[in-house]
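Heads up: the structure comes next, in structure tokens.
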Amino acid sequence: MLLSKDVNRRPTCIKIPDAVPSSHRHRQRPAPPALLAVLLTSLLASLFACGALTTCAAWAQTGAAADARRPAEVAQVLFGIISYVRWPVARPEVRVCMLGVPRYGAAIVDKPASSLGQRIRVKIPAAAAAAGECDVIYLGSLPEGERDQLLAQIIGKPILSVAEPGTSCSVGTMFCLRLSEMQIGFDVNLDAIARSGLRVHPNALQIARRKAAQP
């Protein structure tokens, strides 16, 4: 069905009002300089926050991965030091005692004898007084007075003392582990080693010197 147009019907006209004189028009005012400064500062802060959050997230992931590796790295360095030490009387096994509250002691566990070293048995004594039954003491976090008292008990005895990274390195401690961004180093107390009667292979001392020479 076709729809026909009525050509005779006049078109409806809609009257458009006259334009408002320019003098009465609403003029848009520019934003005040203070408001522009606030908006710009807010924008820059938002951009900085996004960048900072991304960077912080990356740092957090890197830091978390490094923290997860620390116990294994500390254990590796500790066992490496032990492999360089010889006792006046050969030990069928090396008794390692963890004292205090170690932060990186999770990977310090029993190790069977191998071509790289003796068999290692790890103990956690109930009291520091039992240090005389150890061949190696690994010092975690301890009150300063208790640490000094413990070291006084083993002075002159063939007991290797190693301080955990981040703990106080007392005068009588033979090896003090320290953390850096890329690796774990250590400092050596030659006087304490000489008084103990232990023999330390020169390679261990050279490693300590090389690490100490690094900036």
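The values are calculated or read from the model by the stated rules, or taken from the named source; none is laboratory data. Not measured: the values here are computed from a predicted model. Glycine also receives a Cβ, built like all others from the backbone with ideal geometry; neighbour counts cover every protein chain displayed.
A count restricted to the stretch 120-156 and to residues that are surrounded by 13 or more Cβ atoms within 10 Å (Cβ to Cβ), more than 18 Å from A72 (Cα to Cα), of a type outside the set (V, I, T) and at pLDDT 85 or above stands at 10.
Of all residues in the stretch 117-138, exactly one satisfies the criterion of being hydrophobic (A, V, I, L, M, F, W, C) and touching a Ser or Thr at 6+ places or on another chain (Cβ under 6 Å), namely I137.
Residues checked against (1) at pLDDT 75 or above; (2) part of a helix (DSSP H, G or I); (3) not basic (K, R):
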position: V171; (1), (2), (3): yes, no, yes
position: A194; (1), (2), (3): yes, yes, yes
position: R210; (1), (2), (3): no, yes, no
position: P215; (1), (2), (3): no, no, yes
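Cβ-Cβ contacts under 7 Å between residues 6 or more apart (or on different chains), taken from a first residue in the stretch 57-80 that is among the charged types (D, E, K, R) to a second residue that is modelled with pLDDT of 80 or more, are listed as R70/Y104; E73/I184.
Taking the criterion of being in a strand (DSSP E or B) and modelled with pLDDT of 90 or more, the residues of the stretch 173-187 that qualify are F175, C176, L177.
Any idea how many residues of the stretch 121-136 are outside any loop (DSSP other than H, G, I, E, B), out of contact with any Asp or Glu (no Cβ under 6 Å at 6 or more places or on another chain) and β-branched (V, I, T)? Talk me through it step by step, then tell me what you get.
Pass one, the stretch 121-136, residues outside any loop (DSSP other than H, G, I, E, B): 121-123, 128-133, 136.
This time we only want the ones that are out of contact with any Asp or Glu (no Cβ under 6 Å at 6 or more places or on another chain), so: 123, 128-133, 136.
With the extra rule that they be β-branched (V, I, T), the set shrinks to 136.
The total comes to 1.
Checking the conditions here, which among K123, K157 is basic (K, R) and within 21 Å of R70 (Cα to Cα)? Give the derivation first.
Numbers: K157 fails: within 21 Å of R70 (Cα to Cα).
Testing whether each residue is basic (K, R) and within 21 Å of R70 (Cα to Cα) leaves just K123.
Would you check if there is a residue in the stretch 97-112 being among the acidic types (D, E), over 16 Å from V162 (Cβ atoms), part of a loop (DSSP other than H, G, I, E, B) and touching a Lys or Arg at 6+ places or on another chain (Cβ under 6 Å)? Checked the stretch 97-112: at least one residue is among the acidic types (D, E), over 16 Å from V162 (Cβ atoms), part of a loop (DSSP other than H, G, I, E, B) and touching a Lys or Arg at 6+ places or on another chain (Cβ under 6 Å). Write out, first by first residue and then by second, each pair whose Cβ atoms fall under 8 Å of each other, whose residues are 6+ apart or on separate chains, and whose first residue, in the stretch 88-114, is under 14 Å from G140 (Cβ atoms) while the second is at pLDDT 90 or above and of a type in the set (F, W, Y). Within 8 Å, the pairs are V96/Y138; C97/Y138; M98/Y138; L99/Y138; P102/Y138; G105/Y138; I108/Y138.
When the stretch 65-118 is filtered for residues that are under 15 Å from the mean Cα position of the chain (by Cα) and of a type in the set (F, W, Y), only Y104 remains.
The set of residues from the stretch 176-206 being loosely packed, with under 13 Cβ neighbours inside 10 Å and aliphatic (A, V, I, L, M) comprises M182, L190, A194. Pairs are defined by a Cβ separation below 8 Å, a sequence spacing of at least 6 or placement on different chains, a first member in the stretch 129-156 that is at positive phi, and a second member that is not aliphatic (A, V, I, L, M); the pairs so defined are G156/R195; G156/S196; G156/G197.
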